[in-house]
């Protein structure tokens, strides 16, 4: 059993695990028998029951099939997954899973659902420096679980516009950023994910992040974060204004091909510790003047400022 002080509340993962254990024991099954019915390994069942690991969405769906409880364990598991998120974020997460399209504008950081674990950890450490390592690890795990939306039968279409300055920010250091950009470039090939980069040379129609979510019934809502928390807006006037702003951002961003080329270019720049390589030749329309190039390089990875001395044998 996991150690737990008397009166200490069960974690969401442990609550889910105890429900699975109770249903298993009510049928007189061993963990091995349940694992066989769920098409998974006994060690995984053990970890879920002990609360050491939150069950996957597929595991919960299989539990509903085996125990004859359509949707019960799936909903229970989803509540457990959302429990680690701030209360104000849960409405957004529910909308995200129910949407047919999500349009995200991220001028400061890579959109959360597209982040790698190490990049997400760096973001949390920068924004919540007083949080414990365990708390940050839990936040990262919660964020990574958002990727499950792409595994649903009908995942939403994600359209993400990221500002070029974000690519050069070196969040977490060059190794973390290179890994994140490699992941972002791979996601850009996903049939449900579209990534555009807003160039440094442009003036964005908006400088703060926001997300538009279109529901299956055709309605659209706006999610915008303040310094303290996020809000969901469904006012037609507000949503229409946000949609107009997003279309302007989309029109002024780089094309899909040029966006991917720029992501790959910046990724290569993190590989090169001494200089920033020239931009791809086919991107003439977004070439910067010499002065602007100097500004761009100053925003690039700081590691290129390192000068290695020749080996003198000393």
Please return the ranges of helices (runs of 4 or more DSSP H) entirely within the stretch 61-166 where 1 or more residues are crowded, with 18+ Cβ neighbours inside 10 Å and touching a strand residue (DSSP E or B) at 6+ places or on another chain (Cβ under 8 Å). 90-98
Considering only the stretch 29-48, I want to know if a residue exists there that is touching a helix residue (DSSP H, G or I) at 6+ places or on another chain (Cβ under 9 Å), in contact (Cβ under 8 Å) with a residue 40 or more places away in the chain and not in a helix (DSSP H, G or I). no
Verdict on residue 139 being modelled with pLDDT under 90 and touching a helix residue (DSSP H, G or I) at 6+ places or on another chain (Cβ under 7 Å): yes
When residue 6 is evaluated against the numbered criteria (1) over 32 Å from the mean Cα position of the chain (by Cα); (2) modelled with pLDDT of 85 or more; (3) not in a helix (DSSP H, G or I), which criterion, by number, is the only one it fails? (2)
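The values are calculated or read from the model by the stated rules, or taken from the named source; none is laboratory data. In this text, all values refer to a predicted model and were calculated from it rather than measured experimentally. Here the Cβ is made from the backbone with ideal geometry for all residues, glycine too, and neighbour counts use every protein chain on show.
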